[in-house]
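Working notes, beginning with the structure itself.
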Amino acid sequence: MDFVVGGLAGVGAGFFSNPFDVVKTRMQLQGELVAKGQHSVHYRNIPHAMYTIVKHDGMSALQKGLVPALWFQLVVNGTRLGIYQHADNYGLLRDDQNNTLFLNSLFFGSVAGMSGGLVGSPLQLVKTQLMSYSSRKIAVGTQHGHPGTWKALKDIYKRNGFFGLWRGAHGMMIRNSIGSASQIASFAVCKEWMDNNDVFQQSKYLSSFVASNIGAVLKTIVLTPMDVIMTRLYNQATDASGRGVYYDGIADCARKITRTEGLLAFYKGMGPSYLRQAPHTVLLLVFWDVLKDLQKTMNID
């Protein structure tokens, strides 16, 4: 049941944060492997990006990739929050006074995130490619033109085989490991401190709200560079053997971005990334708290 609770929390959060994910993906692909000032800038900032997307692709384009995004949330957060909660249930996260051990929380958050990233990688692959597809006038990155989620999965499988669905999974696993560890550990420690010190006596969910915001800030800062790399790995075109045309892997991608776009390119899309992470993290972790309380009330194992 812990896996179901985590998955439902992720789905609830994913619906509201998806438009910022679309903007983030486009901004991370803009100017790919081109020096600053030598490429067209279709997306100057978040409001301009949203306006441009709606103008050229319609209002519904802000929810591109929503289907694989919600399935991704269900699978990934069901896996990672379920693993983390199981670790807590087995007494691996707390000391004798029932206080969260930060390093233990960090470790199991990392393992849980990496596991979720591995399981959900094919959905992230499709989601990225669907989100990047746009009108030719504002196109950035490789344009894949999939008509939908299931057709995309089928076409990738036919073209590159079973393991082609996990192309870029190593980047996703590292990204999710870093993001999950920073998000969950900071949330757990901050929320516990506020609850123990009666900071928000009127509602315990206020402590969840504040702690999840702190988790969102930390997650955005540490996650964005790896997120840029992951987006590039997933969206790049492939040759006949299924190998990426632009990047051989994480190290090669990082080297080429640094050489052609500069170090600041690793923080492309940080604004929409935070605006995605903040509501997503808040909704995810507050939903998680509410659903866990509901689970306890109903005595569901």
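Structure notes:
- Around Leu118: net Lys/Arg minus Asp/Glu count, Cβ-Cβ under 14 Å: +3
- In Å², nearest 10: area of Ile229 left accessible to a 1.4 Å probe: 10 Å²
- Simple label model, 7 Å out from Cα along Cβ direction - Val54 to Val245, nm: 3.3 nm
- Computed with a 1.4 Å probe over protein heavy atoms only, the accessible area of Arg255 comes to about 120 Å².
- When the solvent-accessible area of the chain is split by element, carbon and sulfur atoms take up 64 percent of it, the probe being 1.4 Å.
- Net charge of Cβ neighbours under 11 Å - reference Lys137; Lys, Arg +1; Asp, Glu -1: +1
- The stretch 1-298: relative contact order as a whole-number percent, Cα under 8 Å and 6+ apart: 27 percent
- Formal net charge of residues neighbouring Val22 (Cβ-Cβ distance under 12 Å; K, R +1; D, E -1): +3
- Cross-link pairs exceeding 25 Å between alpha carbons, from the set Lys36/Lys137; Lys64/Lys268; Lys127/Lys158; Lys158/Lys219; Lys154/Lys268; Lys219/Lys268: Lys158/Lys219; Lys154/Lys268.
- Estimated inter-spin distance, Ile221 and Trp150, nm [label 7 Å along Cα→Cβ]: 4.4 nm
- Over the chain, equivalent-ellipsoid semi-axes from the Cα gyration tensor in Å: 34, 20, 18
- Dimensionless Rg over Rh [the stretch 111-159; C-alpha; Kirkwood]: 1.07
- The tail of the calculated P(r) for the stretch 1-127, taken as Cα-Cα distances beyond 24 Å, holds 45 percent of the pairs.
- Model label zone, Phe209; criterion: amide N under 16 Å from point 7 Å along Cα-to-beta-carbon; scope the stretch 272-299: 278-290
- Residue-normalised accessible area of the chain, expressed per residue, 1.4 Å probe, Å²: 45 Å²
- Across the options Ala185, Phe20, Gly242, the greatest Cα extent toward the positive end of the charge dipole of the chain (unit charges at beta carbon of Lys, Arg, Asp, Glu) belongs to Gly242.
The values are calculated or read from the model by the stated rules, or taken from the named source; none is laboratory data. The structure presented is a predicted model; accordingly, all values stated were derived computationally and were not measured. Cβ sites come from the backbone with ideal geometry, for glycine too, and all protein chains shown count toward neighbours. To get the accessible areas, we keep the full protein, side chains included, count just its heavy atoms, and leave off ligands, DNA and RNA. Shrake-Rupley method; radii C 1.70, N 1.55, O 1.52, S 1.80 Å.
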